[in-house]
Amino acid sequence: MKVYVYDNKEKDAGGICLNKLLQVLGQYNVEFEILSDDDLLGDGYADAVFTIGGDGTILWLTEFANKNAIPIVGINMGKLGFLSEFELGEVEESVRLLVNGELKRDERITLKVTIGDIVCRSLNDSYIQRIYQKEVGCMTADILVDIDGATTEKIKGDGAVICTATGSTAYSLSAGGPIIAPNVDAFAVTPIAAHALNKRPIVCSADSVCTFEIMGKAHCGLFVDGRFIAEVKKGDVIKMQKSENKTIFLRKKDFNFFNRLTEKLKENK
């Protein structure tokens, strides 16, 4: 068995979790390779990738894990840890369960985002948000939303976010979007600070193709899982659809989304 290990050094101060994980992997005779940020740009193969950090660390790994179909085992060293399965005190358990085949697969729909020659993937969400520019003033973003060839929304406001079921508990939820259970193959399109009371979130099939066309003068930024991807302006079209691969997590057999939801949102009060 071979695994990759990615350690967020900002979260894992002094490499405490990394050193513990490597020690346990050695005890179980598991071959391992530590990934750098440069490695994430390439291809790879392993039975799993251990991530040490918070939810942001997992989102950083999404592109690599998704395109290479490598399951993620998350060890939480962050605050919320909504996506991670194990805590620092469970490092030995995480390796033992993996080696013994006692973890279950949790497959998540992932969003493929295309603008021009740029193609990227997001596990949580992608959003278009206005960028203030002195020369044009503080203008609203005007976005035409098309789903499966039909114009469904003309959003005037701060922007729009499209999320997967996984990301429905993140930015979209804060903007008034619905919580979608991860086994529901759906996307939600949620306006951000819309300038009309009748603009509400839309839930569509994950098999739908959504396009967002910038209509107004205001320049906007395209963000994927919180990362700035490109500046977009009038006439630019962003295409969003389901990725060819799902992002795979390895969970304890007693994992339950609704228990996790209640637990984590309570902790975040």
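The values are calculated or read from the model by the stated rules, or taken from the named source; none is laboratory data. Small disclaimer: the values here were computed from a predicted structure and weren't measured. As a convention, Cβ positions derive from the backbone with ideal geometry for all residues, glycine included, and neighbour counts pool all protein chains shown.
Within segment 197-217, identify whether any single residue is hydroxyl-bearing (Ser, Thr, Tyr), in the same structural domain as Leu123 (by TED's automatic domain parsing) and in a loop (DSSP other than H, G, I, E, B), and answer yes or no.
yes
Quick one: in segment 33-83, which of the residues that are within 15 Å of Leu21 (Cα to Cα) and outside any strand (DSSP E or B) is modelled with the lowest pLDDT?
Met77
Does Gly56 qualify as being over 16 Å from the mean Cα position of the chain (by Cα) and not aromatic (Phe, Trp, Tyr)?
No.
Looking only at residues in segment 218-227 that are buried (at least 19 other Cβ atoms within 10 Å of the Cβ) and either charged (D, E, K, R) or not in a strand (DSSP E or B) (or both), which one is modelled with the highest pLDDT?
Here is the first cut: in segment 218-227, the ones buried (at least 19 other Cβ atoms within 10 Å of the Cβ) are 218-220, 222-225.
Among the residues that remain, those that are also either charged (D, E, K, R) or not in a strand (DSSP E or B) (or both) are: 218-219, 225.
Numbers: Ala218: 83, His219: 84, Asp225: 95.
Result: Asp225.
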